[in-house]
Amino acid sequence: MEVEYEVRGGGVGVITLNAPERRNAFTVGMARSWRELVDRLEGEIEGADAESAPRALVLRGRGLSFCAGGDLSMLSDIAESERLEENARTLTSLYSSFLSIRRLGIPVVAALHGHCVGGGAGIAVGCADVRVCAKDTKLRFNFLRELGITPGMGTTKTLPDLLTKAHATKLLLQLPSQDVTPEELCHLGLVVKVAEDRDSAFEEALGVAAELARANPVATRSMIRTLRSSRDQLDRLEEVLMEEGRLQAQAFASPESRKVFKRIRSRMLQGVQPKSKL
């Protein structure tokens, strides 16, 4: 399964993106599995047996990366397609599926390592309340300068919610163009701790989640929901995702973006792994 879930002790659940062969780049199928898991967890948390439900979650990626963004074959198909409305719906549905985790009234801690790019960076920012990263974390929002498209995964809202608008704009414009270093992430407040490696980052994230799970669950859920609703207004977030999907579909259809994905497709056919993902 491309999205795995396991229960740890102390009320902590672990969600693992499990497609290491493509650096956990997401597909429509992965997004569907994610939403199904969120729906199941929501039923447990809101159900009669809520005491056995998770009280905190850890999010991680298996293998060498957290998430390298959207699968390049999927994105190249979108760039080659003339069906703008269908593409907009596909992109909106992808992003809505991952960000549906915000409906859960429990804290989410992300353990970041390796590539955390484009939509993968959007998952780290939009799906988690707290982030820990390894020293090898390579985070960047590569939508505009590398792929020639507008940002997605809700980043035009979730990133400004976490940072000043000026800092968010700088990151989304990739100024400077290199990856955001772990030290910079810590300085910006996007991560609470930098760990030595991916295993250490995961253990740190488990520790943070365990601490949060020990707190009064009623108070924790109320606080998390209040924080998310005050930043979010979930209806407003859905509007943002629809607008991002519409604008991205238009950008994918532009001559500039199609040239980018034509090169990407050519390199893939030659067996060369492209660096940039959404």
Would you order ILE264, ILE45 from fewest to most other beta-carbon atoms within 10 Å of each residue's own beta-carbon?
ILE45, ILE264
Among all lysine pairs in segment 144-278 that are eight or more places apart or on different chains, how many have alpha carbons less than 18 angstrom apart?
6
Alpha carbon centroid spacing (whole Å) that separates segment 94-172 from segment 18-62
17
Along segment 261-271, Karplus-curve 3J(HN,Hα) (6.51, -1.76, 1.60; θ = phi - 60°) to the nearest Hz, with x for Gly and Pro, reads 6, 5, 5, 4, 4, 4, 5, 5, 5, 7, x
Most exposed first by the Cβ proxy, i.e. fewest other Cβ within 10 Å, how do LYS165, LYS193, LYS262 rank?
LYS165, LYS262, LYS193
Could you give me the ³J(HN,Hα) list for segment 157-172, computed from phi with Karplus coefficients 6.51, -1.76, 1.60 and θ = phi - 60°, whole Hz, x at Gly and Pro?
10, 5, 5, x, 5, 8, 10, 5, 4, 5, 5, 4, 4, 4, 5, 5
When the helices in the chain are scored as -39500 (n - 2.57) per DSSP H run of 4 or longer and the sum is shared across all residues, what 222 nm value do you end up with, to the nearest 500 deg cm²/dmol?
-16500 deg cm²/dmol
As I understand it, the dipole of the chain uses +1 on the Cβ of Lys and Arg and -1 on the Cβ of Asp and Glu, about the Cα centre. Which of SER52, GLY63, LEU172 lies farthest toward its positive end?
LEU172
Taking every DSSP beta bridge with both residues inside the chain, roughly what % is antiparallel (nearest 5)?
25
The chain: Rg to Rh, with Rh as the Kirkwood radius over Cα pairs:
0.95
Share of Cα-Cα pairs in segment 74-198 lying beyond 21 Å, as whole percent:
40
Stretchable slack from ARG40 to ARG103, in nm (0.36 nm times residue separation minus alpha-carbon distance):
21.5 nm
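Values in this text are rule-based calculations from the coordinates and carry no lab data. Being a predicted model, the structure only gives us computed values, none of them experimental. We place every Cβ from the backbone using ideal geometry, glycine too, and count neighbours over all the protein chains shown.
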